[in-house]
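What follows is a short report on a single structure.
The values are calculated or read from the model by the stated rules, or taken from the named source; none is laboratory data. Keep in mind that this is a model prediction, so the values were computed, not measured. Glycine gets a Cβ as well: all are built from the backbone with ideal geometry, and neighbour counts include every protein chain shown. These accessible areas exclude ligands, DNA and RNA; they are computed on the full protein's heavy atoms, side chains included. Shrake-Rupley method; radii C 1.70, N 1.55, O 1.52, S 1.80 Å.
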Amino acid sequence: MRSRITLYITLGALTGSAVSLHAQDRGGTGKAVYEKSCALCHAAGIAGAPKLGDAGEWSARLRAGIATLYRSAVAGTPNGMPAKGGNLSLSGAEVRAAVDYMVRSAGGAPKSSAVPGGKRATASARGAAKPAAGNPAQIGAAPASKPARETPTPTVVAAAPSGTPAQAAIDPNAFNRLLAPPGGRNPPPAEDGIHDPGNPGIHALQPPLESFQRLPRANAGNRVNWVAALGKKQIQPRWDLGDPQAEPSAMDLNIVREVKGSMPDVVYPHRQHTEWLDCSNCHPAIFVPQKGANQISMAAILLGQKCGVCHGKVAFPVSECRLCHSRKKDAPASSTAAVPAAEARK
Amino acid sequence: MRPGNRARAYAALGAAIVALTLVPGGARRALAEYGDVVINNYSDAAGVRPAVFPHWFHRVRFRCKVCHSDLGFKFKAGGNEINMLKIIDGQFCGACHNGNIAWSVENCDLCHSGKPGTPTQVHESTIQQLAAPAETPAAAKK
């Protein structure tokens with residue numbers, strides 16, 4: 001009997017309802033965390049932050065589900081919400097408790113929206129809560145250490161309508177089902193899928209958003225425009241290991257490569273590249289420094305050769321066609337080749 | 001076994017199940033930063049976590065040239081045959097990770113922070129993006 005009860009507790013934890021169950025116990029924590037770390041913006045609505053008690057603003061944000069809201073709070077958003085409200089010493093559970101507190105203040109019910117359609121699981125967890133109430137921390141401990149998006153199980157997903165990002169990823173008719181949801185970009189190391197969340201050292205690692213918030217945005221890669229960040233001196237990466245004053249001698253020479261088909265020609269700027277790199281990084285191993293000596297194709301680049309040694313790994317990815325293919329072809333040159341073909345089709 | 005211990009054991013079991021069933025499904029596309037390199041040449045075999053190198057963090061502080069020219073890092077994930085002996089002798093990562101410029105080698109966990117079993121790769125790289133659709137149905141089945 002005892003083991004069955006504990007099994008129910010575990011199942012309850014699995015379905016994620018224990019998070020909201022736990023949140024009720026943590027009402028005090030939520031308020032305390034809010035006052036310490038969130039009130040600065042959320043009390044007055046600074047920088048677009050939804051105000052405490054403003055039902056309209058909060059219900060708009062709750063529409064995507066409480067799990068999405070948790071995630072935005074933990075990972076931050078490009079709209080100005082810093083990861084964990086800027087207080088990275090907070091645990092995920094504390095941040096979620098603060099979110100629950102703010103949602104409740106606006107008349108929202110984090111529990112009902114947390115697991116839509118998951119009433120059965122919630123009920124079983126609630127039923128099991130009493131015998132184990134002597135040590136509530138244990139119940140909450142397992143799910144609380146997980147990122148919010150991981151809490152719903154596949155079984156719950158099957159029963160529940162879509163709402164949380166994890167469910168949307170599994171829903172076959174979900175919009176943009178293969179893309180990472182915008183709110184989930186640049187997550188902290190513990191939630192990024194390659195770091196081991198069980199590593200005791202993980203919280204010493206810097207969350208990317210803490211750095212990226214101050215930098216110009218881009219549409220791909222790290223979603224940071226590194227060249228602009230360097231140009232505006234928002235970052236000062238050293239050119240020499242030991243000498244902070246050393247400066248590169250940038251080479252201002254554009255190479256135009258005329259390309260086949262209708263794509264605009266490629267303008268290769270030496271300047272932006274020599275700000276970061278030494279000549280010997282590319283010449284002569286990757287590119288022979290001689291006009292016409294280098295066969296470059298998109299196929300090679302996609303496979304990680306030529307420009308693809310960096311672009312598609314660390315420099316902006318190949319999805320940003322126009323950043324390289326930037327010079328419109330001369331009208332006469334393209335018209336001689338393209339017009340007869342277009343007319344022949346008519 | 002005391003009931004309290006048993007409950008704890010079940011909670012731990014539950015956490016393990018969550019981790020096993022959800023991590024591959026929920027995070028079937030890792031959200032790791034573009035350019036994060038996992039280096040797992042010897043780590044798994046040696047029983048430590050694979051090392052994770054965040055390009056973004058380092059490019060905020062150093063130009064590419066410092067590592068890829070001065071320190072001799074090749075443009076190839078896992079292609080540099082780095083080992084701890086070289087690092088404590090001041091080569092590769094050890095040029096900075098010596099307690100003077102960056103944290104020293106005693107802080108094993110800070111570099112060796114990857115999930116065990118993660119192969120050597122550059123995250124979000126074009127190659128990985130191309131491979132993703134092929135992997136997705138298998139991951140979705142879970």
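Rounded to the nearest whole Hz, the Karplus-based 3J(HN,Hα) values (6.51 cos²θ - 1.76 cosθ + 1.60, θ = phi - 60°) of segment A:275-288 follow the sequence 5, 9, 10, 8, 3, 5, 5, 10, 9, x, 5, 8, 10, 6, with x at glycine and proline.
So which of A:291/A:328; A:291/B:65; B:86/B:115; A:260/B:76 end up more than 26 Å apart, counting from Cα to Cα?
A:260/B:76, as the Cα separations exceed 26 Å there.
Once backbone amide H atoms are built at 1.01 Å from N, residue A:224 has A:218 as its partners under 5 Å, excluding neighbours fewer than 5 places away on the same chain.
Solvent-accessible surface of segment B:32-141, taken per residue with a 1.4 Å probe and all protein chains present: 50 Å². Remark: the Cα gyration tensor places segment B:32-141 in the prolate category, a/c being 1.5 or greater and a/b exceeding b/c. Against the criterion of solvent-accessible heavy-atom surface with a 1.4 angstrom probe, A:31, A:233, B:115 sort, most first, into A:233, A:31, B:115. Peptides B:106-113, B:42-49, ordered by how many other C-beta atoms sit within 10 Å of their residues on average, highest first, read B:106-113, B:42-49. Contact order for segment A:161-296, expressed relative to its length and based on alpha carbon pairs under 8 Å spaced 6+ residues apart, stands at 10 percent. Accessible area per residue for segment A:227-282 is 62 Å², calculated with a 1.4 Å probe on protein heavy atoms, without ligands, DNA or RNA.
Residue by residue along A:309-320, Cβ atoms of other protein chains within 10 Å of the local Cβ number 5 on average.
In this assembly, the A-B interface accounts for approximately 5800 Å² of buried accessible surface in total, computed with a 1.4 Å probe and without ligands, DNA or RNA.
Considering only A:314, A:300, A:255, the residue lying farthest towards the positive end of the dipole of segment A:232-315 is A:300, judged by Cα position with unit charges set on Cβ.
Taking amide H positions as modeled 1.01 Å from N, with prolines and chain starts lacking one, the residues under 5 Å from residue B:62 and 5 or more places away or on another chain are A:238. Taking amide H atoms as placed 1.01 Å from N in the peptide plane, the amide H of residue A:195 lies under 5 Å from those of B:115, each 5 or more residues away in sequence or on another chain.
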